[in-house]
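Engineer: Next up is a structure, given as structure tokens.
The values are calculated or read from the model by the stated rules, or taken from the named source; none is laboratory data. Model, not experiment: these values are computed from the prediction. Each accessible area value is taken on the protein alone, full model and side chains, heavy atoms only, with ligands, DNA and RNA left out. Shrake-Rupley method; radii C 1.70, N 1.55, O 1.52, S 1.80 Å.
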Amino acid sequence: PLARTMLPRFLPVAKKALLLGNTDYGGDAQLKWVVNDVTAVAARLKELGFATKVHQNLDEGRMRLTMMRWVDNEVNAGDLVFVYYSGHGYEEEGANYLMPIDATDTHGAVKLDHFLLHLNQKSELSTSSVSAAVARTTPT
């Protein structure tokens, strides 16, 4: 405890990463390389000392729950946080949306800003990075 309090403030308490990959959209919306991308990013983050959680092919309910529970149960003030998403998504009126595998057009999309707000409220002293490899979808 004493040694930890003596560390400079810019050193993270822990390194944590959440990786989400959605590929099983069905039909023409199927994405081929998502699993490979998520696997490669996870392997590199583990090499860099990140505790990683990987989730793939999430429907709307599981995606929202997974993202919020990860913040609630895994993230602490002072952590270095990395979030990676690979799958379909879109931007509308300046807001970014992630598409669960069961989303139809814009119905069921997860607004990234809601997740980021929750993350920032939980980890106000953390450093976080969000990266998205998104196959842009045009909402109808």
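Engineer: Could you rank Glu91, Glu47, Glu74 by how accessible they are, 1.4 Å probe, largest area first? Please list the in-between numbers first.
Structural biologist: On the way: Glu91 90, Glu47 130, Glu74 60 Å².
Heavy-atom accessible area, descending, gives Glu47, Glu91, Glu74.
Engineer: Using the Karplus curve 6.51 cos²θ - 1.76 cosθ + 1.60 with θ = phi - 60°, what ³J(HN,Hα) values do you get for each residue of the range 98-109, in whole Hz, with x for Gly and Pro?
Structural biologist: 9, 9, x, 5, 9, 5, 10, 6, 8, 6, x, 5
Engineer: Also, quick follow-up: Provide the gained length on full extension for the span Thr39 to Arg62, in nm with one decimal, where the gain is 0.36 nm per separating residue minus the Cα-Cα distance.
Structural biologist: Working: separation 23, 0.36 × 23 = 8.28 nm, distance 1.97 nm.
Value of the extension gain: 6.3 nm.
Engineer: Of Ser131, Ser86, which has the most accessible area with a 1.4 Å probe, and how do the rest follow in descending order?
Structural biologist: Ser131, Ser86
Engineer: Provide the per-residue ³J(HN,Hα) series for the range 82-95, in order, calculated from phi with Karplus coefficients 6.51, -1.76, 1.60 and θ = phi - 60°, each as a whole number of Hz, with x at glycine and proline positions.
Structural biologist: 10, 10, 10, 10, 10, x, 6, x, 7, 10, 9, 6, x, 9
Engineer: Still on this model: Name the residues whose placed amide hydrogens come within less than 5 Å of the amide hydrogen of Tyr84, ignoring near sequence neighbours (fewer than 5 apart) on the same chain.
Structural biologist: Leu18, Leu19, Leu20, Ser131
Engineer: Shape verdict for the range 21-116, please, from the Cα gyration tensor: rounded (a/c under 1.5), prolate (a/b greater than b/c) or oblate.
Structural biologist: Values: a/c = 2.01, a/b = 1.32, b/c = 1.53.
Oblate shape, in that a/c is at least 1.5 and b/c is the bigger or equal ratio.
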